1. Being hydrophobic (A, V, I, L, M, F, W, C) and exposed (fewer than 15 other Cβ atoms within 10 Å of the Cβ) is the filter; apply it to segment 56-94 and report the residue that is modelled with the lowest pLDDT.
2. When you go through Ile146, Ile171 one by one, which is the residue that is over 18 Å from Ile259 (Cβ atoms), surrounded by 17 or more Cβ atoms within 10 Å (Cβ to Cβ), touching a helix residue (DSSP H, G or I) at 6+ places or on another chain (Cβ under 8 Å) and at pLDDT 95 or above?
3. Check segment 18-31 and report whether any residue there is under 27 Å from Leu132 (Cα atoms), buried (at least 23 other Cβ atoms within 10 Å of the Cβ) and in contact (Cβ under 8 Å) with a residue 60 or more places away in the chain.
4. Does Phe5 satisfy being out of contact with any Phe, Trp or Tyr (no Cβ under 7 Å at 6 or more places or on another chain), modelled with pLDDT of 95 or more and not small (Gly, Ala, Ser)?
5. Regarding Leu164, is this residue closer than 30 Å to Ala240 by Cβ, hydrophobic (A, V, I, L, M, F, W, C) and without any contact (Cβ under 8 Å) to a residue 24 or more places away in the chain?
6. Given the conditions (1) within 27 Å of Ala39 (Cα to Cα); (2) in contact (Cβ under 8 Å) with a residue 40 or more places away in the chain; (3) of a type in the set (Val, Ile, Thr), report the number of the one that Ile244 does not fulfil.
7. Mind checking which residues of segment 222-281 are among the basic types (Lys, Arg) and part of a helix (DSSP H, G or I)?
8. Considering Gly137, Gly118, Gly184, Gly214, which residue is modelled with pLDDT under 95 and part of a helix (DSSP H, G or I)?
Amino acid sequence: MENNFNTPVQVWEANMKAGETKAALSLLKCILLGVIAGAFIAFGGATSNAAIHNIANQGIAKALAGAIFPVGLMMIVFVGGELFTGDCLMIAGVVDKRFSALKMIKTLVIVWFSNLVGALIIVTLIYFSGLLDYTDGALGAFTIKIALTKCTITPFKAICSGILCNILVCIAVLMATSAKDIIGKVWAIFFPIWAFVIGGWEHCVANMFYIPAGIIASCNENYVAKAEELYGITAGQIAANVNIGGFISNQIPVTIGNILGGMIFVALPLYAIHNIKACSK
């Protein structure tokens, strides 16, 4: 009977070859794949927020959000896309001398900014679609609350949270490669991403949706008033923190944490374990 999954060594070699493909992408293709991935992650964030914005119990809300958010990575895996966090696994290809560190850095930089563009497109469309008007503007207020929380996180906490997040995201990417059928890939992606959302950890690309969505929502007086009514958040707090400066102050440490989580805690240890050259000696 044929196995419907790949062995860990097969998964790792597939990841190494995927890194070579990423490093060789043309500029246009890399940008387009990055934009698509950023948009897909934004869809996951938007729909999970819509589902949980009126749920008081935090545990139930996180469990439900975690069940919805994985759709973003599923779409990337099945349709195609380049996600910054998953691409941190490319470090193994550099260590194995399959491509240069410069090519990896170039790919990561292009993908990061392309993910941002994709996320911002969805933020804009969602705002003008009226989605944030849900429950008399409560979804808009909730969006502001989420952004405020992220914009006021301390750098050290953001780095640690980013590490934890991308350990699970990179594991989800690898687990998806282990499955040979679509159902197996769905479940392989679902559980690690569900865990990271329940943990409330920081993902730089997801935050490219959450924080800009909060910034644009804060331009609506009704959402700001609703945020004060529901959460006691003042207009002054929002103006002082939910802005481009707050976005940057979140993105820098979270991105650093995501890089450390994907490279140091996943890619390099697994490279040492499954390195094909070492295993063949």
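1. Ala56
2. Testing whether each residue is over 18 Å from Ile259 (Cβ atoms), surrounded by 17 or more Cβ atoms within 10 Å (Cβ to Cβ), touching a helix residue (DSSP H, G or I) at 6+ places or on another chain (Cβ under 8 Å) and at pLDDT 95 or above leaves just Ile146.
3. no
4. No: the conditions fail for Phe5.
5. Here the answer is no, as Leu164 does not meet what is asked.
6. The one condition Ile244 does not meet is (2).
7. Lys226, Lys277
8. Unique residue meeting the criteria: Gly184.
The values are calculated or read from the model by the stated rules, or taken from the named source; none is laboratory data. Values in this document were obtained by computation on a predicted structure and should not be read as measured data. FYI the Cβ positions are ideal-geometry reconstructions off the backbone, even for glycines, and counts take in every protein chain you see.
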